[in-house]
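Colleague: Next up is a structure, given as structure tokens.
The values are calculated or read from the model by the stated rules, or taken from the named source; none is laboratory data. Worth saying up front: this structure is predicted, and the values here are computed from it rather than measured. Cβ placement follows ideal geometry from the backbone for every residue including glycine, while neighbour counts extend to all protein chains displayed.
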């Protein structure tokens, strides 16, 4: 009986690896195609309505669409090639090795920072105090967006220096040559900035926002645009929790078991699962459009924007006085 188990175990592991590999590949294509298409539609709606020019939360959403597209086209595309087709350009091109992850990290760190700012802004907008609601303004939001991008670009400069293509025993590897910085990047950037901190911040402010929205007096004083952006922000918060929760658990597990000696079978089982979770974690960058579509008003705005773009149909047209008089006649 024991002999049968030993002979069947490698086959079972191979089947498990194959299942997770194809699942990861299919999921990657779904997230890539659906995410790029959805973010393009987001850009069309925001550009047509131009709400991002006078609403802080809309500005965060608008900027995030460009960051999300960058992550999907650079991060997810190369991940699909690596995990699904064993094509890893970081092992053949030194420049790509030094820039790929750093550029992806800048975009993801900016995205999660803006999601946190978006959650905080939603909380401020539904405050019972008029003075607190006035803290949400487009000028401050613009400064925060610029500051966020500049800060994370500066933060990732050492990564472009320490990341390099190294050949060890005839095998090329794209690794961080500085051990201390590698640990810092793993424990702080990967575990805290893009997983733990965003989950904590958006969970706290999402809960506080929902609690304040239950106050009828506050809800009645909010404009329709503010109500829409708050609901869209809350839906995006839910998506981040759903997609980023497993990634946080996976990173914490890897951290806890760093010094644990693992046999070949355990590593063979953990590797495809970790790879699938890593692909699954691209969900927040692909799901914003579909979260926004749960808002009835956003769906109407989407239809109007597409009609204007394709058919040239414009709403709320203003006619000259002579034309209006001729029409009445």
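Colleague: May I ask you to verify whether residue 18 is more than 24 Å from residue 301 (Cα to Cα) and free of Cβ contacts under 8 Å to residues at least 60 places away in the same chain?
Modeller: It is true that residue 18 is more than 24 Å from residue 301 (Cα to Cα) and free of Cβ contacts under 8 Å to residues at least 60 places away in the same chain.
Colleague: With region 208-280 as the region, which helices (runs of 4 or more DSSP H) entirely inside it contain at least 2 residues that are within 21 Å of residue 127 (Cα to Cα), out of contact with any strand residue (DSSP E or B) (no Cβ under 9 Å at 6 or more places or on another chain) and at pLDDT 85 or above?
Modeller: 224-256
Colleague: With region 116-178 as the region, which helices (runs of 4 or more DSSP H) entirely inside it contain at least 2 residues that are touching a residue at least 40 places away in the same chain (Cβ under 8 Å)?
Modeller: Answer list for region 116-178: 138-155, 157-162.
Colleague: Oh, and also: Whether any residue in region 225-245 is more than 22 Å from residue 59 (Cα to Cα) and in contact (Cβ under 8 Å) with a residue 60 or more places away in the chain is what I want to check.
Modeller: No, because not a single residue in region 225-245 is more than 22 Å from residue 59 (Cα to Cα) and in contact (Cβ under 8 Å) with a residue 60 or more places away in the chain.
Colleague: Collect the residues in region 281-304 that are assigned to a loop (DSSP other than H, G, I, E, B) and either in contact with a strand residue (DSSP E or B) (Cβ under 6 Å, 6 or more places away or on another chain) or closer than 17 Å to residue 108 by Cβ (or both), keeping them in residue-number order.
Modeller: Listed by number, the residues that qualify are 281, 282, 287.
Colleague: Could you please let me know if residue 36 is touching a residue at least 24 places away in the same chain (Cβ under 8 Å), crowded, with 20+ Cβ neighbours inside 10 Å and assigned to a helix (DSSP H, G or I)?
Modeller: no
Colleague: Another question about this same structure. Take the residues in region 80-99 that are out of contact with any helix residue (DSSP H, G or I) (no Cβ under 6 Å at 6 or more places or on another chain) and closer than 21 Å to residue 35 by Cβ, then tell me which one is surrounded by the fewest Cβ atoms within 10 Å (Cβ to Cβ).
Modeller: Ranking the qualifying residues of region 80-99, first place goes to 85.
Colleague: Here's another thing I want to ask about it. Six or more apart or on different chains, Cβ atoms under 6 Å: show the pairs whose first residue is in region 284-295 and in contact (Cβ under 8 Å) with a residue 24 or more places away in the chain and on the phi > 0 side of the Ramachandran plot and whose second is in a helix (DSSP H, G or I) and surrounded by fewer than 24 Cβ atoms within 10 Å (Cβ to Cβ).
Modeller: Filtered contacts from region 284-295: no entries.
Colleague: Any residue in region 65-94 that is on the phi < 0 side of the Ramachandran plot and touching a residue at least 24 places away in the same chain (Cβ under 8 Å) sitting within a Cβ distance under 8 Å of a residue that is assigned to a loop (DSSP other than H, G, I, E, B) and surrounded by 15 or more Cβ atoms within 10 Å (Cβ to Cβ)? List the pairs, counting only those 6 or more apart or interchain.
Modeller: If the second residue must be assigned to a loop (DSSP other than H, G, I, E, B) and surrounded by 15 or more Cβ atoms within 10 Å (Cβ to Cβ), the pairs left are 71/282; 72/282; 75/282; 76/282; 79/282.
Colleague: What is the residue count in region 187-199 for residues that are over 16 Å from residue 235 (Cα atoms) and either free of Cβ contacts under 8 Å to residues at least 60 places away in the same chain or assigned to a loop (DSSP other than H, G, I, E, B) (or both)?
Modeller: Counting residues in region 187-199 that are over 16 Å from residue 235 (Cα atoms) and either free of Cβ contacts under 8 Å to residues at least 60 places away in the same chain or assigned to a loop (DSSP other than H, G, I, E, B) (or both) gives 4.
Colleague: Can I ask one more? Of the numbered conditions (1) in contact with a helix residue (DSSP H, G or I) (Cβ under 8 Å, 6 or more places away or on another chain); (2) surrounded by fewer than 17 Cβ atoms within 10 Å (Cβ to Cβ); (3) modelled with pLDDT under 90, residue 52 satisfies every one except a single condition; which is it?
Modeller: The number of the failed condition is (2).
Colleague: Got at least one residue in region 91-107 being over 14 Å from the mean Cα position of the chain (by Cα), outside any helix (DSSP H, G or I) and closer than 26 Å to residue 24 by Cβ?
Modeller: Yes, that holds for at least one residue.
Colleague: Filter region 254-270 for residues that are closer than 19 Å to residue 281 by Cβ and surrounded by 14 or more Cβ atoms within 10 Å (Cβ to Cβ); which is farthest from the chain's Cα centre (by Cα)?
Modeller: Within region 254-270, the match that is farthest from the chain's Cα centre (by Cα) is 270.
Colleague: Got a sec? Which of 174, 126, 116 is over 28 Å from residue 241 (Cα atoms) and surrounded by 15 or more Cβ atoms within 10 Å (Cβ to Cβ)?
Modeller: 174
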